[in-house]
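Student: Okay, here's the structure, questions in a sec.
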Amino acid sequence: MASMTVAHPARQDAAAIDRTAIEPRLLWLLQDKHERRKAGIYIPKTADEIAAGLTGLFAQLGIAASAHNVKRMGGGASKEQFVFDVTGDIPPQFRRCVLRMDPREGIIETCRRREGQILRAVYDTVPVPPVLCVDDGGAMGQPFMITGFVGGVAKPSVSASGPSGLGAVMPAPLAKALTPQFIQHLASVHAVDHASAGLDDYEVPRPGTTDAALWQVNYWTKVREMDGTDSLPLLTLAETWLYDNLPICDDPVLLHGDHRLGNFLFDEESMQITAVLDWELAHIGDFHEDIAYSFEPLFGQRGGDGRLIVGSMVPTDEFVAQYAALTGRVIDPVKLHWYQVLTSYKLIMMNHTSSIIAARDGTNHQNALLAWLAAVTAGLSATMVELLAGDFA
């Protein structure tokens with residue numbers, strides 16, 4: 001990525017910026033995590049313990065069914081996941097289910113209740129798993145969500161990759177088939193009428209203000225304050241730059257928050273996306289944020305000409321052209337640049353602060369993976385330096 005200079009609007013008065021403005025539900029989650037942390041090392045539940053918990057849950061919900069063949073699923077750096085079969089009086093879409101449960105803490109702190117609301121809101125808009133129930137912790141001591149199981153793979157079977165699909169290479173025919181679906185689903189999410197979607201645990205930024213951007217910087221800066229492991233001067237520089245250049249969002253939309261390869265399932269034979277997954281970072285904000293996140297080099301590949309290939313599927317300029325054609329929106333390069341810096345900033349927060357703390361203290365089910373993820377900080381920092389280089393040259 002070549003360094004560039006982007007002409008940002010006049011900077012705001014730093015004294016007038018409310019750095020405490022954070023969605024209440026998200027702030028509560030961060031504070032609650034620090035209380036849970038005091039419980040010490042986390043011991044994950046066994047499959048038998050999960051099965052017993054599910055039996056009690058079904059009885060509590062008045063569902064005449066029982067769970068069988070409970071198995072832990074791979075992946076999941078932030079949430080524990082189990083797959084199980086269900087027999088009894090249950091709709092067909094829940095004959096096989098996935099349990100998505102919070103460990104004591106993870107790479108990010110998110111809300112199963114919010115995630116359930118999002119899945120229900122977009123169920124008729126994009127392919128997502130159906131939600132059976134959401135529990136704040138009463139049934140098994142930890143918040144969880146149960147959805148129907150959806151088949152598919154998260155990466156091509158012919159490609160090696162790191163965790164969560166990082167580094168996967170998409171064969172050309174598959175990339176050609178999946179690209180328009182990948183972009184269409186994002187456009188469809190952005191078109192959801194969030195005001196009537198039942199998103200009770202979500203706050204809506206005021207149109208025509210910097211709320212959408214400010215709330216994000218405030219939240220991730222709070223994560224740094226509560227979980228920071230060292231000073232990281234680059235983050236201080238980025239934080240100052242982000243506050244100095246807050247962009248206005250004219251029309252807040254529903255955002256996926258983590259739209260990338262590894263977070264959707266597809267059928268390799270039909271080459272159709274079967275489910276869009278991992279909505280835990282969803283919120284309402286500027287559409288540029290989702291695009292900037294998809295453009296993070298960590299989630300793509302470089303073509304022979306040096307261009308970034310989003311999700312190993314499509315160059316960024318073609319992505320922008322297809323998205324604009326679908327939505328009629330004009331991508332503002334200044335806002336896109338700002339949200340690219342934000343993306344680097346928050347990913348470093350996840351991998352170099354919260355992830356390290358959880359691994360160090362043994363409060364997650366995948367402590368070794370969380371420790372390994374700290375290594376991506378170097379690449380994320382290099383991207384941030386290139387994005388900021390023009391402004392500080």
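Student: Would you look at the GNM of the chain, springs on alpha carbons closer than 10 Å, and say which of Val128, Val158, Val341 moves the most?
Tutor: Judging by the Gaussian network model, the answer is Val158.
Student: Follow-up. Ordered by packing density, taken as the mean number of other Cβ atoms within 10 Å over each peptide's residues, highest first, how do 16-22, 366-372, 204-210 rank?
Tutor: Answer by packing, highest mean first, reads 366-372, 204-210, 16-22.
Student: Where does each of Tyr293, Tyr123 land when they are ranked from fewest to most other beta-carbon atoms within 10 angstrom?
Tutor: So the ranking, lowest neighbour count to highest, is Tyr123, Tyr293.
Student: Between Asp317 and Glu225, what is the label-to-label distance in nm when each label sits 7 Å out along the Cα-to-Cβ direction?
Tutor: Going from the Asp317 label point to the Glu225 one covers 4.3 nm.
Student: Compare the Cα positions of Ala213, Met271, Gln142 along the charge dipole of the chain (+1 at Cβ of Lys, Arg; -1 at Cβ of Asp, Glu; about the Cα centre) and return the one farthest towards the positive end.
Tutor: Gln142
Student: Using amide H atoms built 1.01 Å from N in the peptide plane, name the residues 5+ places from Cys133, or on other chains, whose amide H lies under 5 Å from its own.
Tutor: HN-HN under 5 Å from Cys133: Ile146.
Student: Which links in Lys71/Lys155; Lys176/Lys346; Lys79/Lys222; Lys155/Lys222 stretch past 25 Å when you go from one Cα to the other?
Tutor: Lys176/Lys346; Lys155/Lys222, as the Cα separations exceed 25 Å there.
Student: Suppose R0 equals 45 Å. What FRET efficiency, 1/(1 + (r/R0)^6) with r the Cβ-Cβ distance, do Asp85 and Ala389 give to the nearest 0.05?
Tutor: 0.25
Student: Please give the length that would be gained between Leu27 and Ala64 if that part of the chain were fully extended, namely 0.36 nm times their separation in residues minus their C-alpha to C-alpha distance (nm, one decimal).
Tutor: Answer, rounded to one decimal: 9.6 nm.
Student: Would you mind counting up the charge near Phe264? Only other residues with Cβ under 14 Å from its Cβ, with Lys and Arg at +1 and Asp and Glu at -1.
Tutor: -3
Student: Whole angstrom only: what separates the Cα centroid of the range 340-393 from the Cα centroid of the range 77-122?
Tutor: One Cα centre to the other: 26 Å.
Student: Which ³J(HN,Hα) values, rounded to whole Hz and listed in residue order, are derived for the range 43-55 from phi using the Karplus coefficients 6.51, -1.76 and 1.60 in 6.51 cos²θ - 1.76 cosθ + 1.60 with θ = phi - 60°, glycine and proline given as x?
Tutor: Ordered by residue, 3J(HN,Hα) equals 10, x, 6, 7, 4, 5, 5, 5, 4, 5, x, 5, 4 Hz.
Student: Taking amide hydrogens as modeled 1.01 Å from N in the peptide plane, which residues meet the under 5 Å criterion relative to Leu246, leaving out close sequence neighbours?
Tutor: HN-HN under 5 Å from Leu246: Gln12.
Student: Taking the Cβ of Ile348 as the center, what net charge do the other residues with Cβ under 15 Å away carry, scoring Lys and Arg +1 and Asp and Glu -1?
Tutor: Neighbourhood net charge equals -3.
Student: Helix-only estimate, please: 222 nm mean residue ellipticity of the chain, summing -39500 (n - 2.57) across DSSP H runs of length 4 or more and dividing by its residues, to the nearest 500.
Tutor: Taking each H run of at least 4 residues, the total per residue is -12500 deg cm²/dmol.
Student: Same structure, new question: In sequence order, what are the phi-derived ³J(HN,Hα) couplings for the range 88-97 according to the Karplus relation 6.51 cos²θ - 1.76 cosθ + 1.60 with θ = phi - 60°, rounded to whole Hz, with x for glycine and proline?
Tutor: Per-residue couplings from phi come out as x, 7, 9, x, x, 5, 10, 5, 10, 10 Hz.
Student: Could you tell me the largest-minus-smallest coordinate of the C-alpha atoms of the chain on each of the three principal axes, in descending order and whole angstroms?
Tutor: 64, 49, 41
Student: Taking θ = phi - 60°, what integer Hz values does the Karplus form 6.51 cos²θ - 1.76 cosθ + 1.60 yield along the range 177-193, in sequence order, with x for Gly and Pro?
Tutor: 6, 7, 3, x, 5, 4, 6, 4, 5, 5, 4, 5, 4, 5, 8, 4, 7
Student: In addition: If you stretched the chain out fully between Ala16 and Val204, how much longer would it get, using 0.36 nm times the residue separation minus the C-alpha to C-alpha distance?
Tutor: 65.6 nm is the gain from fully extending Ala16 to Val204.
Student: Dividing the convex hull volume of the alpha carbon atoms of the range 47-148 by its residue count, what do you get in Å³ per residue?
Tutor: Convex hull of Cα atoms, per residue: 100 Å³.
Any read-out appearing in this document is the output of simple, stated calculations on the displayed coordinates, not a laboratory observation. From a predicted model like this one, the values you see are computed outputs, not experimental measurements. Note that each Cβ is placed from the backbone with ideal geometry, even for glycine, and that neighbours are counted across all protein chains shown.
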